[in-house]
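Structure first, commentary second.
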Amino acid sequence: RAIGVHVNFAPVVDVNNNARNPVINTRSFGEDPAAVGRLAAAYVRGLRAGGVLATVKHFPGHGDTDIDSHVGLPIIPYTRERLRAVEWPPFRDGIAAGADGVMTAHIVLPALEAEAGLPSTLSRAVIGGVLRGEFGFDGLIFTDSMQMGAVADRWPSGQAAVLALAAGNDVLLHPADAVAAFDGVRDAVARGELSVERIRESASRMLRAKARLGLHRS
């Protein structure tokens, strides 16, 4: 916070339940959902005490995969019941502790999204249906890096940006082509594909977060 960093993309609340996971592994607090949730909640409270926004990630749970979403597109075949029992409790604990943000994951969950191959980052069913609806989360939703292969290798930057915003994300991190992403969003609004209200909703969340940090005073 002293050097002007107001958002931490942490803690990782993915449960480390796959020994072959090449991307989460040691970033996880462990393989026990209750322990992960307890430690994540403490981390969130510590960040908030220091005036920094905490972001739990990677929703809806990136722990049980053996594919790195930086280079590929992981598919997690579990049921909603399994997700509620294992993957989701730490997210709920982190949010209950006051997490200001959630980062979405470039992973495919057929149990949540009917369209084959559509990652959670671009899924209205996951972002709007589960995270906003079932979890009741009204804070900031960040995408994982849009340069990662799971997205960038499959959708042009403009199209990916539009899909991510339409799904309900508020902040698009690290587009592969920022100008193309901006132009794609602007053109989608002009065509009526994205509503001005959807854009304003996310902009308002960001402005409220900045106001809570006092950034409007300096």
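The values are calculated or read from the model by the stated rules, or taken from the named source; none is laboratory data. Just so it is clear, the structure is predicted and the values come from calculations on it, not from any experiment. Positions of Cβ are backbone-derived with ideal geometry, glycine not excepted, and every protein chain shown enters the neighbour counts. Remember, those area values only see protein heavy atoms, side chains included, never the ligands or the DNA or RNA. Shrake-Rupley method; radii C 1.70, N 1.55, O 1.52, S 1.80 Å.
Observations
- Output for the range 127-156, where each listed residue is aliphatic (A, V, I, L, M) and under 25 Å from L207 (Cβ atoms): I127, L131, L140, I141, M146
- Filter pass, L140 being of a type outside the set (G, A, S), more than 25 Å from G30 (Cα to Cα) and either more than 13 Å from the chain's Cα centre (by Cα) or surrounded by fewer than 18 Cβ atoms within 10 Å (Cβ to Cβ) (or both): no
- Residue in the range 146-156 that is modelled with pLDDT under 95, among the polar types (S, T, N, Q) and surrounded by fewer than 19 Cβ atoms within 10 Å (Cβ to Cβ) present: yes
- Enumeration of residues in the range 11-42 that are of a type outside the set (V, I, T), touching a strand residue (DSSP E or B) at 6+ places or on another chain (Cβ under 7 Å) and surrounded by 18 or more Cβ atoms within 10 Å (Cβ to Cβ): P11, D14, S28, A40
- No other residue among G184, G168, G117 is open to solvent by 30 Å² or more (accessible area, probe 1.4 Å) and of a type in the set (G, A, S) apart from G117.
- Among residues of the range 67-84 that are farther than 14 Å from D144 by Cβ, those with a Cβ under 6 angstrom from a residue that is at pLDDT 85 or above and surrounded by 14 or more Cβ atoms within 10 Å (Cβ to Cβ), sequence gap 6+ or separate chain, pair up as I75/V108; I76/I107; I76/L109; T79/A111; R80/A111.
- The residues on offer are D64, D93, D68, and the sole one that is at pLDDT 95 or above and open to solvent by 10 Å² or more (accessible area, probe 1.4 Å) is D93.
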